[in-house]
Amino acid sequence: MRVAGPVVLVGCGRLGSAILEGWLLTDTVAPSDLIILSPSEKPAAEAARARGARINPDPEALKTARVVVLAVKPAMWRAVATPLLPYLGDEATILSVMAGVTAPTLAEGLGGWPIVRVMPTTGVSRGRGVASVWAADPAARALGRALFEPMAETVDLADEALMDAATAVAGSGAAYVYAFTEALARAGEAAGLDASTADVLARATLRSAADSMGEDALDALIGRIASPGGSTRAGLDALDRDGRLATMLEETVAAAVRRNREMG
Ligand SMILES: NC(=O)c1ccc[n+]([C@@H]2O[C@H](COP(=O)([O-])OP(=O)(O)OC[C@H]3O[C@@H](n4cnc5c(N)ncnc54)[C@H](OP(=O)(O)O)[C@@H]3O)[C@@H](O)[C@H]2O)c1
């Protein structure tokens, strides 16, 4: 179902463009309900303009804004948002996708508007992202979900402090998977494959495994491939000898959580 606008997107960089593309792809926001604020021309914004979106209109257009999405770098949000505030009406909600800027910090800089934080991945551009949502205000949370659910697997966080953990798992997770794929390819080389063959096999395996992920329990998926006494079982036993796989990933996520907190 479409989310009624106007929806104001502030910042059309890597993530802002992905969000915009995702909304248009999934028809979450009518192009005519989109207002994009961007200091420079961006292909995604131009594509939206061609379908009826407004780019950098007179600020009076913000008066009826239903939601303002802040997608600028954390270091510059105050400078960017402050000049917009006098134009916003009582009906507006502020949605921040910025990493590490907490709701109390946003509230202190923005005033009384309801705030919802969403941590999405750029996969939203293809309608296949991941998004974690937190808001103290139920209506703001519902609005955040409505804007991201059509283009992302969306989870509600019970506590804002969990945003760092969600970011360490979902935001950073694709990079861990790429690193795993790289290591799998190198291991294939060590077992005698040439580099290019190992690379193709490792990438295709990860892609195919992701396609099969579905809703099934992960141990059931493993059980379909690893029969007792077989070669996959032998590989898995080596992979997780003495629980080292679980330990390694715990350390990986904990390090990313720590860094998220330091940057916040
Ligand atoms: N990238 C990700 O995967 C990701 C994931 C989760 C969260 N985030 C969060 O998303 C935010 C944006 O990250 P990003 O990677 O998209 O950064 P980015 O590519 O640098 O985008 C930031 C954009 O803000 C624009 N901007 C600067 N001043 C502005 C102004 N006054 N009004 C409107 N827009 C303005 C910049 O425009 P110009 O290009 O014209 O300078 C730039 O395109 C960050 O807070 C980050 O923490 C990013």
Practice item. Mind counting the residues in segment 143-170 that are more than 21 Å from Val67 (Cα to Cα), in contact (Cβ under 8 Å) with a residue 40 or more places away in the chain and not hydrophobic (A, V, I, L, M, F, W, C)? Key: 2
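Tell me which residues, restricted to segment 223-257, are among the polar types (S, T, N, Q) and modelled with pLDDT of 95 or more. Spell out the reasoning first.
Filtering segment 223-257 down to residues among the polar types (S, T, N, Q) leaves 227, 231-232, 247, 252.
Once the filter is applied, which keeps residues that are among the polar types (S, T, N, Q) and modelled with pLDDT of 95 or more, segment 223-257 yields Ser231, Thr232, Thr247, Thr252.
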Practice item. Collect the residues in segment 37-80 that are under 26 Å from Asp137 (Cα atoms), surrounded by 19 or more Cβ atoms within 10 Å (Cβ to Cβ) and near the ligand (Cβ under 9 Å from one of its atoms), keeping them in residue-number order. Key: Leu37, Leu70, Ala71, Val72, Trp77
Check your understanding: Does segment 98-108 contain any residue that is more than 11 Å from the ligand (Cβ to nearest atom), of a type in the set (Ser, Thr, Tyr), over 27 Å from Ala210 (Cβ atoms) and in a loop (DSSP other than H, G, I, E, B)?
Key -> yes
Check your understanding: Any chance segment 249-260 includes a residue that's exposed (fewer than 11 other Cβ atoms within 10 Å of the Cβ) and either closer than 30 Å to Pro74 by Cα or out of contact with any Ser or Thr (no Cβ under 6 Å at 6 or more places or on another chain) (or both)?
Key -> yes
Review point. Just one of Ala179, Ala202, Ala209, Ala140 is without any contact (Cβ under 8 Å) to a residue 24 or more places away in the chain, surrounded by 14 or more Cβ atoms within 10 Å (Cβ to Cβ) and either in a helix (DSSP H, G or I) or among the charged types (D, E, K, R) (or both); which is it?
Key: Ala202
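Go through the residues of segment 75-83 one by one and say whether even a single one is more than 28 Å from Val257 (Cα to Cα) and assigned to a helix (DSSP H, G or I). Let's see the steps before the verdict.
Taking segment 75-83 as the starting set, the residues that turn out to be more than 28 Å from Val257 (Cα to Cα) are 82-83.
Still in the running and assigned to a helix (DSSP H, G or I): 82-83.
The answer is yes; a qualifying residue exists.
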Review point. Quick one: would you say Leu24 is under 22 Å from Arg78 (Cα atoms), assigned to a helix (DSSP H, G or I) and either in the same structural domain as Gly89 (by TED's automatic domain parsing) or more than 14 Å from the ligand (Cβ to nearest atom) (or both)?
Key: no
Review point. What about Leu95, is it more than 17 Å from the chain's Cα centre (by Cα) and within 15 Å of the ligand (Cβ to nearest atom)?
Key: no
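Do we have Gly123 as in a loop (DSSP other than H, G, I, E, B), out of contact with any Leu (no Cβ under 9 Å at 6 or more places or on another chain) and within 13 Å of the ligand (Cβ to nearest atom) here?
Criteria not met by Gly123.
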Revision key, fill the gap. Taking segment 225-246 and keeping only residues that are part of a helix (DSSP H, G or I), over 30 Å from the mean Cα position of the chain (by Cα) and loosely packed, with under 11 Cβ neighbours inside 10 Å, one is left with Ser231, Asp237, Ala238, Arg241, Asp242
Check your understanding: Is there a residue in segment 93-101 that is modelled with pLDDT of 95 or more and among the small types (Gly, Ala, Ser)?
Key -> yes
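The values are calculated or read from the model by the stated rules, or taken from the named source; none is laboratory data. In this text, all values refer to a predicted model and were calculated from it rather than measured experimentally. With ideal geometry, Cβ positions are generated from the backbone for all residues, glycine too; neighbour counts draw on all protein chains shown.
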